[in-house]
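Q: Below you'll find the structure I mean.
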Ligand code: ADP
Ligand code: MG
């Protein structure tokens, strides 16, 4: 169905159905209560931004992305145990990257003492856009027919980034996919070929499996549970809570506790003599032994004040399975992604048959160092003309950190050159544009849009200490997907921060 041909009456009908579905299924963002608000009746949530009709996406690229996820999982599982590789990255980032250096120093302390847990859990997300090299159509919206042609001919799948830490969006994506399948089923819109999404169930299964592998509590009188670290005043509880609720519905049920990163961890957690992680919801309650630390906080530098550092250190040295470990967290730095794209690096890490498959998804990326590539990066980044078509990225997560196109030269000139090593320079991906209608409580966008596919993956592995392979992989799965759409002129993508909307692909 061509969205530009929808009349107002039809749009209104879809909107009224969307609203009821979103409210009924928690497709919402929470409005945190302030103390003042508690006195009065106020809205506590609003629907999260969505595309009112699924956006067409090439079927072959969608399934290719799902197919290669286990290769990417395996690569990042291996990287997570390749300490010398990670260390070389940290050295290359240099002192300029205080955040990476801080995380690395926590790891050094853990390593010195020796780890007591060799099992690790990972929940990953590999993000892609379609790249179409039709340079004459760049930036221009094409007709629906041309868009479909571009999707089918000469389009490639290109990786935006690979996330290893606190991957969000699985629940929202799952609910919005279900919503569009429901709307299509009732003929409320006429979208075709909407794939199923099993993101929530897959993540729950991965946690359930890791919880089982953790085994019995050291003291038979203790219960075990999962601990989810969260950010304070969280607006995104509807993405996190359903995982907790689904775990409670498992047989046997698994309890998950939420704890704020930093101070609250220090107040409620402690280590037993054998470093079991003990959690007390309040001072009088019995200690609960934590099987898995599921990190949904601790990715922003401001979270690492002294309390934050102490909290992360306690979690890392504990016997709980970390989802993920600090090394796995560091493997997700954008600097690692850039290194992997350098000639010869991937070859050392994955079997030959995987090299070309993974490499095909990479776009050129450059470091700011003294190598030939580094010199090229400086040349591009200092010239407004050449910088156009590039993104400058620090190794940070959470959105809003990148510098785009012509802003790059002025940005770099304004900071000392010693700090440039913190950044990587990435060529831009150029997706074909299509027409979309995106709604959020802030505004409605009707016009050219770009979509982004995220493929979720889960892993469970054990680090071997003696001889043979360093890693034994116990679980490696593709775990559903996220699909987001944004107006063409928006650079960032973060639905929670208002940059884009959840959507469902209509497979072509
Ligand atoms: P973050 O950690 O902030 O999510 P990303 O690397 O995912 O960092 O970049 C944020 C957004 O910027 C992406 O979701 C995408 O929309 C856009 N973006 C990033 N890299 C590129 C690129 N090479 N080409 C085009 N857009 C990009
Ligand atoms: Mg991103």
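Q: When 1/r is averaged over all different Cα pairs and the result inverted, which Kirkwood radius in Å belongs to region 364-428?
A: 11.5 Å
Q: Can you put 84, 126 in order, fewest other beta carbons within 10 Å first?
A: Result, fewest neighbours first: 84, 126.
Q: Going 7 Å from the Cα of residue 419 toward and past its Cβ, which residues in region 294-334 have a backbone nitrogen under 11 Å from where you end up?
A: Taking a point 7 Å out along Cα→Cβ of residue 419, no residue of region 294-334 has its backbone N under 11 Å.
Q: Moving on. Where does each of 192-202, 53-63, 468-478 land if you order them by average Cβ count within 10 Å, highest first?
A: 53-63, 192-202, 468-478
Q: Can you tell me which of 158-166, 243-251 comes out highest on packing, and rank the rest after it, using the mean Cβ neighbours within 10 Å?
A: Order by mean packing, descending: 158-166, 243-251.
Q: Also, I was wondering about something else. Working out 0.36 nm times the residue gap between residue 379 and residue 443, then minus their Cα-Cα distance, what length gain in nm do you get to one decimal?
A: Gain on stretching residue 379 to residue 443: 19.1 nm.
Q: In whole angstrom, note down how far apart the Cα centers of region 1-19 and region 191-227 are.
A: Cα centroid to Cα centroid, the span is 38 Å.
Q: Do the sum for the chain: with -39,500 (n - 2.57) for every DSSP H run of n ≥ 4, divided by all residues, what is the mean residue ellipticity at 222 nm, to the nearest 500 deg cm²/dmol?
A: After summing the helix terms and dividing by residue count, I get -10500 deg cm²/dmol.
Q: Could you tell me which of rounded, prolate or oblate describes the chain, using a ≥ b ≥ c as the square roots of the eigenvalues of the alpha-carbon gyration tensor, with rounded for a/c under 1.5 and, failing that, prolate when a/b is larger than b/c and oblate otherwise? Don't skip to the answer; put the middle values down first.
A: Numbers: a/c = 1.63, a/b = 1.17, b/c = 1.39.
Oblate.
Q: Where does each of 16, 270 land when they are ranked from fewest to most other beta-carbon atoms within 10 angstrom?
A: The most exposed by this proxy come first: 16, 270.
Q: Still on this structure, please answer the following. Distance between Cα centroids, region 379-455 to region 299-332: provide it in whole Å.
A: One Cα centre to the other: 28 Å.
Q: Nearest 0.05, what FRET efficiency do residue 251 and residue 153 give at R0 = 51 Å with Cβ-Cβ as r?
A: Once rounded, the FRET efficiency stands at 0.55.
Q: If you take every DSSP beta bridge fully contained in the chain, what fraction is antiparallel? Give it as a percent rounded to 5.
A: Details: 60 of 79 bridges.
For the chain, the DSSP antiparallel bridge percentage is about 75.
Q: Residue 190 to residue 490: FRET efficiency via 1/(1 + (r/R0)^6), r the Cβ-Cβ distance, R0 25 Å, to the nearest 0.05? Provide the component values of the computation, followed by the final result.
A: Details: r = 27 Å, r/R0 = 1.09.
Given R0 = 25 Å and the Cβ-Cβ separation, E is 0.40.
Q: Sticking with this structure for a sec: In which sequence would 422, 312, 462 go, from the one with the fewest C-beta neighbours within 10 Å to the one with the most?
A: Working: 422 23, 312 26, 462 15.
If I rank by nearby Cβ atoms, fewest first, I get 462, 422, 312.
Q: Shape verdict for region 1-122, please, from the Cα gyration tensor: rounded (a/c under 1.5), prolate (a/b greater than b/c) or oblate.
A: Working: a/c = 3.04, a/b = 1.63, b/c = 1.87.
Oblate, because a/c is 1.5 or more while a/b does not exceed b/c.
FYI, it's all coordinate maths here, none of it is from the lab. Computed from a prediction, not measured in an experiment: that's the story for all the values here. Cβ atoms come from the backbone with ideal geometry, glycine included; neighbour counts cover every protein chain shown.
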